[in-house]
Amino acid sequence: MIVLGLESTCDETSWALVRDGSEILFQTIASQVDLHALYGGVFPELACRRHVDVLIPLLHQTLIGADLALDDIDLIAVALGPGLAGALLLGAAGAKSLALALQRPLVGVHHLEAHLYSAVMNRDLADFEGLGLILSGGHTLFVEIEQMGSYRLIGQTLDDAIGESFDKVAVLLGMTYPGGEKIEQLAKRGDPIRYAFKAPGLKDRPFAFSYSGLKTAIAQMVFKMGGEKKLTDRDRCDLAASFQRAAIETIIAPISRYFKDTGENLKHKRLLLGGGVARNEALRATLQSAFPQMQLLAAPFDLCSDNAAMIAGLGFHRFQNNAPSGLFQSTRPKWPITEQ
Ligand code: KG4
Ligand code: ZN
């Protein structure tokens, strides 16, 4: 079965043609980073307008790349949320119009579930169970995967998402959005313990994450050092490395507490990792060494950031499992992964 997937939840427009849930025939991704760099983060209204501009030309490129025609498509899958309200509406309208014109079924997909699916897309589907960690620009979530479509929330961020904190700290250090990759590169040359930034102690919410305090600590340190313009290359590298260390510790701490609390009752031996921040190699290495008892299944690098292949792949399975389909599905900007 050939599935056409569409992703437009935030600042990437992406189409993909995927056979039987895993074989990527062709994928296109139009990134909008040039547009948002000026503002230090995603400017929602501009994101929507750019989706309108590129949606149809990009679909043509995708079909040409896969050497397929519209008629070859068997199913259309679209991310219906969570995400920016306007961006979701555009994607949904595009996908619904196509489904109607081609008389093909349409399945709505949860964007965060798709990030988890990307960790097993090239593997046996039986691997799609265990614990799941979604680390992206908009979300920081730790879940138990009961089965596809069914999740139990263990913890999530109380404020900023981890990717958002990388982006904001990059701006504090004088770099442009998006900052994750830039921080990671600087951190490779820096001293991670020069600054004693710490993961927050959230006593009442042991499995939750929080990033706003860490971001404020960096802002105050930069201010104390005379402002961003006064920073030397060494300062920047050390600040980036110390921030990245603390940001990763902020992920490790609640997971460790969860393992400790669950003890003998822990039934899972596998941790699925997806989302843009999963590209970070220091994070992957730390997770692997902190939890040697777990098999870490991280999404391949090219499927970590927002992409339509994961939407088409998951859409295939959701459709087979009789997930809601049809033209009357609504977009859900704030769609909890536990409500499917
Ligand atoms: O999953 P994604 O493409 O979009 C959302 O659904 O949010 O994630 C984008 C986020 C951005 O915040 C970006 O800075 C971050 O992922 N990111 C990274 C790295 N590459 C991308 N963060 C840390 N290290 C990286 N290498
Ligand atoms: Zn995402």
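Every number in this text was worked out from the coordinates using simple rules, so none of it is lab data. Everything numeric here is computed off the predicted structure, so don't read it as measured data. Every residue, glycine among them, receives a Cβ derived from its backbone with ideal geometry; neighbour counts consider all protein chains shown.
Taking every pair of distinct Cα atoms and averaging 1/r, then inverting, what Kirkwood hydrodynamic radius in Å comes out for segment 109-197?
15.0
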Inset, instruction - In whole Hz, with x marking every Gly and Pro, tabulate ³J(HN,Hα) for segment 115-120 from phi via Karplus 6.51 cos²θ - 1.76 cosθ + 1.60, θ = phi - 60°. - result: 4, 5, 4, 4, 6, 10
Inset, instruction - Could you sort 109-121, 160-172, 199-211 so that the peptide with the highest average Cβ count within 10 Å comes first and the rest follow in order? - result: 109-121, 160-172, 199-211
Inset, instruction - Using packing as a proxy for protection, rank 137-149, 35-47 so that the peptide with the highest average count of other Cβ atoms within 10 Å comes first. - result: 137-149, 35-47
Inset, instruction - With an 8 Å cut-off on Cα pairs and a minimum separation of 6 or more residues, tell me the relative contact order of segment 242-340 in percent. - result: 23
Inset, instruction - Mind checking the full-extension length gain between L100 and F301? Use 0.36 nm per residue of separation minus the Cα-Cα distance, one decimal, nm. - result: 68.9 nm
Inset, instruction - Run down the aspartates and glutamates and flag those whose C-alpha is under 17 Å from the C-alpha of K260, throwing out any fewer than 8 positions away in its chain. - result: E144, D204, E249
Legend entry - Label-point separation, Q220 to R19 (7 Å along Cα→Cβ), nm: 5.8
Legend entry - When the chain is reduced to its Cα atoms, the Kirkwood hydrodynamic radius in Å: 20.5
Inset, instruction - Note down the relative contact order for the chain as a percent, whole number, built from C-alpha pairs under 8 angstrom at least six residues apart. - result: 26
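Would you mind computing the Rg to Rh ratio of segment 1-54 from its alpha-carbon coordinates, Kirkwood style for Rh?
1.09
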Inset, instruction - Pick out the long, greasy-scoring helices in the chain: whole DSSP H runs spanning 30 Å or more along their own axis by Cα, mean Kyte-Doolittle at least -0.5. - result: 44-66, 233-262
Legend entry - Efficiency of FRET between D204 and K334 - r from beta-carbon atoms, R0 22 angstrom, step 0.05: 0.40
Inset, instruction - Please list, or write none, the lysines whose alpha carbon is within less than 21 Å of the alpha carbon of K334, excluding same-chain residues fewer than 8 places away. - result: K96
Inset, instruction - Give, as a single signed number, the net charge of other residues whose beta carbon lies under 9 Å from the beta carbon of P206, with Lys and Arg counted +1 and Asp and Glu -1. - result: +1
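Summing -39500 (n - 2.57) over the DSSP H runs of n ≥ 4 in the chain and dividing by its residue number, what mean residue ellipticity at 222 nm do you reach, to the nearest 500 deg cm²/dmol?
-13000 deg cm²/dmol
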